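Any read-out appearing in this document is the output of simple, stated calculations on the displayed coordinates, not a laboratory observation. Every value quoted in this text rests on a predicted model; they were computed, and no experiment measured them. Every residue, glycine as well, gets a Cβ built from its backbone with ideal geometry; the counts of neighbours run over all protein chains shown.
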Amino acid sequence: MRPHGKALDPPAGDIASAVLAIGRSDFPDVLIDTLRRHADVGHCMVFALSRAGATRCLLDAGNIPIGGDLGAAYAGQFHESDPNRDALFEGKGNAPIMLPSFAPRMYGARYRKIFFQDSGIVDKCATAIWTEDTCFYVNFYRIAAQGRFSDAQRERLGTIAPAIAASVARHFQEKPAPDLATLFATRAPLASLTPREQEVCRRILAGFSSEAISQELGISLHSTLTYRKRAYERLGISSQSELFGIVLRLLAGPHGLN
């Protein structure tokens, strides 16, 4: 539960729970809850695609009763006819990819029937990220009872997509994600902070307000604000969102596996 106090500014505060759930068994539930708060996403599915051709469904969470069947069908054969496939396999490095807006005409008749008409899906947004030879393909859906995504909801998803894609990739990588204390102690630029600056930043990431950090560490509010300011200056950032960005890059990147 988030400590009492002023909430974090979006999108950092809003995605905090998903980031902190990486590696936990409740990650799927936390992820779909985060997506619903942002854009009333009805369902989320995650696929792992390899350059060698294998495809797996890693996550199926939300309000589509036949989601499991759709995941199996996509992984079995329909990934080969996905109109986003070219865009997915053109991706390089670990930069998130935003896929083109959904349009039924993009899909073949059989694909449309199985994945949209039979399931009740009326809209879709998607993002993806490559980690070494695996593409983590993250799909956000809305069903007929919800209607299509509004422009504001699409914009909101676009804003958080890089962080969501990085969180998903890190959660499903085979090696366990390092905890925040290890990340701060061993990985640049976080390791350059003083021990007290690290303590403050770790609590910012956990959703603590400045007042709650002061109480937790037994220091004055002025000291907390000073440590935060110094840490941000040392990291070359100016906001909580940018602090989250640093952590997510470290988690999603290849060195985050060490």
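Taking neighbour Cβ counts within 10 Å as the exposure measure, how do Ile164, Ile204 sort from fewest upward?
Numbers: Ile164 27, Ile204 23.
Placing the least packed residue first, the sequence is Ile204, Ile164.
Can you tell me the length gained on complete extension of the stretch Gln77 to Lys229, counting 0.36 nm per residue apart and subtracting the Cα distance?
Values: separation 152, 0.36 × 152 = 54.72 nm, distance 5.22 nm.
Here the answer is 49.5 nm.
Report the Cα centroid-to-centroid distance between region 212-237 and region 137-167 in angstrom, as an integer.
When both Cα centres are located, 34 Å separates them.
Can you give the charge dipole size of region 23-172 about its Cα centre, rounded to the nearest 20 debye, using +1 on the beta carbon of Lys and Arg and -1 on the beta carbon of Asp and Glu? Intermediate results must be reported in sequence, preceding the final value.
Details: 17 positive and 16 negative charges, 46 e Å.
Roughly 220 debye, rounded to the nearest 20.
Taking only Cα atoms, what is the 0 to 90° angle, nearest 10, from helix 221-235's long axis to the longest principal axis of the chain?
Its long axis makes an angle of about 60 degrees.
Nearest 10 degrees is fine. How inclined is helix 240-252 to the longest principal axis of the chain, computing both from alpha carbons?
Helix 240-252 sits at roughly 60 degrees to that axis.
Which value at 222 nm does the chain reach when only helices count, each DSSP H run of 4 or more adding -39,500 (n - 2.57), with the total divided by all residues and rounded to the nearest 500 deg cm²/dmol?
Values: 11 runs with 117 residues, N = 258.
About -13500 deg cm²/dmol.
For the chain, take the longest principal axis of its alpha carbons; what is the angle in degrees between that and the long axis of helix 151-172, to the nearest 10 within 0 to 90?
The answer is roughly 80 degrees.
As a footprinting exposure proxy, order Met45, Met106 by other Cβ within 10 Å, with the fewest listed first.
Working: Met45 23, Met106 14.
Sorted ascending by nearby Cβ count, the order is Met106, Met45.
Over the chain, what is the mean sequence separation of C-alpha contacts under 8 Å (at least six apart), divided by residue count, expressed as relative contact order in percent?
24
Please state the charge dipole magnitude for the chain, taken about the Cα centre, from unit charges on C-beta atoms (+1 on K and R, -1 on D and E), reported in debye and rounded to the nearest 20. Don't skip to the end; give the middle numbers.
On the way: 29 positive and 26 negative charges, 55 e Å.
Taking the Cα centre of the chain as origin, the dipole is about 260 debye.
Calculate, for Asp118 and Met98, the FRET efficiency according to 1/(1 + (r/R0)^6) with r their C-beta to C-beta distance and R0 35 Å; round to the nearest 0.05. The partial results should precede the final answer.
Numbers: r = 27 Å, r/R0 = 0.77.
Here the calculated transfer efficiency is 0.85.
Using a Förster distance of 25 Å, how high is the FRET efficiency between Glu155 and Ile237, based on the Cβ-Cβ distance and rounded to 0.05?
Numbers: r = 23 Å, r/R0 = 0.93.
Efficiency computed from Cβ-Cβ geometry: 0.60.
Sorted from fewest to most neighbouring beta carbons within 10 Å, what does the list Phe208, Phe116, Phe89 look like?
Values: Phe208 23, Phe116 20, Phe89 13.
Lowest to highest Cβ neighbour count: Phe89, Phe116, Phe208.
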